[in-house]
Amino acid sequence: MLPEKPKNRFQVLYLVVTVLVICSMLAIAVTTIDFGSLFGDDGDDDFVDPNADLIADQQTVVARNPDDVDEIVLLANMLGQTGRIQEAIPWYEKALALSPDDSGIRLDFARSLSGSGLQTDAEAQFNQVLKAEPDNQSAHYYLAELYMAWSPPRTDEAYAHYKRAAEIDPDSFLGERAQTRVETMSVATPDATALAGPE
């Protein structure tokens with residue numbers, strides 16, 4: 001038996017629109033499927049690092065100025081912040097060898113290590129900064145952030161460092177953020193105020 005013919009032009013129009021919607025949905029589905037992933041090709045062969053030229057230029061600058069600490073640190077930061085931490089580490093180490101008392105370099109190193117998931121190494125670098133500069137607000141704040149990212153989070157230590165960062169300069173951006181974290185943690189865990197010890 002043949003399907004019943006549409007009775008008026010609105011039914012015909014409805015039928016045409018329905019078919020077009022279904023076809024467009026199928027077309028979208030087909031174009032968004034990553035067939036390479038389905039068949040085991042992860043597509044990494046086609047990846048082009050958008051920072052490759054900038055990093056190559058900076059490597060050239062460093063090759064021409066092998067003892068320029070600022071240029072070395074810039075290269076290390078570029079590598080560290082683009083996921084190339086293993087390449088960055090020797091440059092941070094060279095910069096620290098040339099300028100061992102520069103806590104800014106060590107802080108950059110710690111943050112790059114932290115961002116790359118090398119938590120124990122990052123913690124050691126943050127602690128080196130704090131050993132030399134106990135009132136380094138950035139070191140306290142970012143060490144607290146590191147402790148919160150730990151699995152499981154090291155909340156007691158994080159709370160203490162946030163609190164110290166907030167005390168050092170309460171009106172700075174990091175001081176305000178640290179104070180917000182302290183307040184949030186105090187509300188989330190009422191016993192957190194005991195962590196800071198006696199006033």
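The values are calculated or read from the model by the stated rules, or taken from the named source; none is laboratory data. If you're wondering where the values come from, they're calculated on a predicted model, not measured in any experiment. Note that we place each Cβ from the backbone using ideal geometry, even for glycine, and neighbour counts take in every protein chain shown.
Rundown of residues vs (1) part of a helix (DSSP H, G or I); (2) aliphatic (A, V, I, L, M); (3) without any contact (Cβ under 8 Å) to a residue 24 or more places away in the chain, yes/no style:
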position: L107; (1), (2), (3): yes, yes, no
position: L113; (1), (2), (3): yes, yes, no
position: D156; (1), (2), (3): yes, no, no
position: Y162; (1), (2), (3): yes, no, yes
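Yes/no per residue for (1) assigned by TED's automatic domain parsing to the domain that holds L96; (2) of a type in the set (D, E, K, R); (3) modelled with pLDDT of 95 or more; (4) in a helix (DSSP H, G or I):
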position	(1), (2), (3), (4)
F126	yes, no, yes, yes
D135	yes, yes, yes, no
S138	yes, no, yes, yes
Y142	yes, no, yes, yes
Y159	yes, no, yes, yes
V187	yes, no, no, yes
D191	yes, yes, no, yes
**Message:** Going by what's in this entry, would P66 be described as outside any helix (DSSP H, G or I), at pLDDT 60 or above and in the same structural domain as A139 (by TED's automatic domain parsing)?
**Reply:** yes
**Item:** Criterion (of a type outside the set (S, T, Y), closer than 27 Å to P50 by Cβ and modelled with pLDDT of 95 or more) met by exactly one of K163, K94, K131
**Value:** K94
**Message:** The conditions are (1) within 28 Å of I85 (Cβ to Cβ); (2) not in a helix (DSSP H, G or I), and M148 fails exactly one of them. Which is it?
**Reply:** (2)
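Just to verify a result, which residue in region 50-98, among those that are among the hydroxyl-bearing types (S, T, Y) and closer than 18 Å to R111 by Cα, is surrounded by the fewest Cβ atoms within 10 Å (Cβ to Cβ)? Outline the logic, then answer.
Within region 50-98, the first condition is being among the hydroxyl-bearing types (S, T, Y), and the residues that meet it are 60, 82, 92.
Filter once more, keeping what is closer than 18 Å to R111 by Cα: 82, 92.
Numbers: T82: 16, Y92: 25.
In this case the residue turns out to be T82.
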